1. Closer than 27 Å to Val125 by Cα, at pLDDT 70 or above and part of a loop (DSSP other than H, G, I, E, B), is that true of Ile61?
2. Please pick out the residue among Tyr96, Tyr109 that is of a type in the set (Ser, Thr, Tyr) and either within 16 Å of Ile17 (Cβ to Cβ) or exposed (fewer than 15 other Cβ atoms within 10 Å of the Cβ) (or both).
3. One residue is enough: does segment 36-52 have a residue meeting the conditions over 16 Å from Phe16 (Cα atoms) and touching a residue at least 40 places away in the same chain (Cβ under 8 Å)?
4. Take segment 114-136 and flag every residue that is in a loop (DSSP other than H, G, I, E, B), hydrophobic (A, V, I, L, M, F, W, C) and under 19 Å from Ile101 (Cα atoms).
5. Picking from Arg118, Arg135, which residue would you name as being over 18 Å from the mean Cα position of the chain (by Cα) and either hydrophobic (A, V, I, L, M, F, W, C) or modelled with pLDDT under 95 (or both)?
6. Please go through (1) modelled with pLDDT of 90 or more; (2) under 14 Å from the mean Cα position of the chain (by Cα); (3) not assigned by TED's automatic domain parsing to the domain that holds Ile17 for Ala110 and return the number of the only condition it doesn't satisfy.
7. Would you call Tyr113 farther than 26 Å from Leu38 by Cβ and in contact (Cβ under 8 Å) with a residue 12 or more places away in the chain?
8. Pick from Gly91, Gly130: which is at pLDDT below 95, exposed (fewer than 12 other Cβ atoms within 10 Å of the Cβ) and not acidic (Asp, Glu)?
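The values are calculated or read from the model by the stated rules, or taken from the named source; none is laboratory data. Computed from a prediction, not measured in an experiment: that's the story for all the values here. In this analysis, Cβ positions are derived from the backbone assuming ideal geometry, glycine residues included, and neighbour counts consider all displayed protein chains.
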Amino acid sequence: MRSQIIKEENPIQYVFISGLLWNDQSMDEMQIIGGDDLWTLAGKASGCICLSSSIGIGRTIKALLSSIEKYKPNMIKVASLLVKRTPRSDGFRPDYAGFEIPNLLVVGYALDYNEYFRDLNHICVINEHGKEKHRV
């Protein structure tokens, strides 16, 4: 999908973030992998749309939004394919959500567990046996 978006001719700029890493020592410090171009968001009239595959507690997306807000885009919207129902949630809700799901580990359709199951053409819950078999 990414290559298809880039091939289209339009005046939209894209910044792709390949991953977010939390510091092992402190859950308050997040490192954005592939976010070197976030500065291009500064003052953009069209704003910013953050796409997330899944939102659980909300800590990661809120940290990302905090990083983006430093560049003062005119608008920020969040869209997520999945939103997990969890009592640990900090109450964050995306502007657009595909499905609300129980607080279970899901894999498939680009969602992985230790680099496995990403290539499934559907989303499913991984059970304890699957977690144990593919534990690192």
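1. Working: closer than 27 Å to Val125 by Cα: yes; at pLDDT 70 or above: yes; part of a loop (DSSP other than H, G, I, E, B): no.
Answer is no for this residue.
2. None of the other options fit; the residue is Tyr96.
3. no
4. Phe117, Leu120, Ile123, Ile126
5. None of the others qualify; the one that does is Arg135.
6. (1)
7. yes
8. Criteria check complete, one pass: Gly91.
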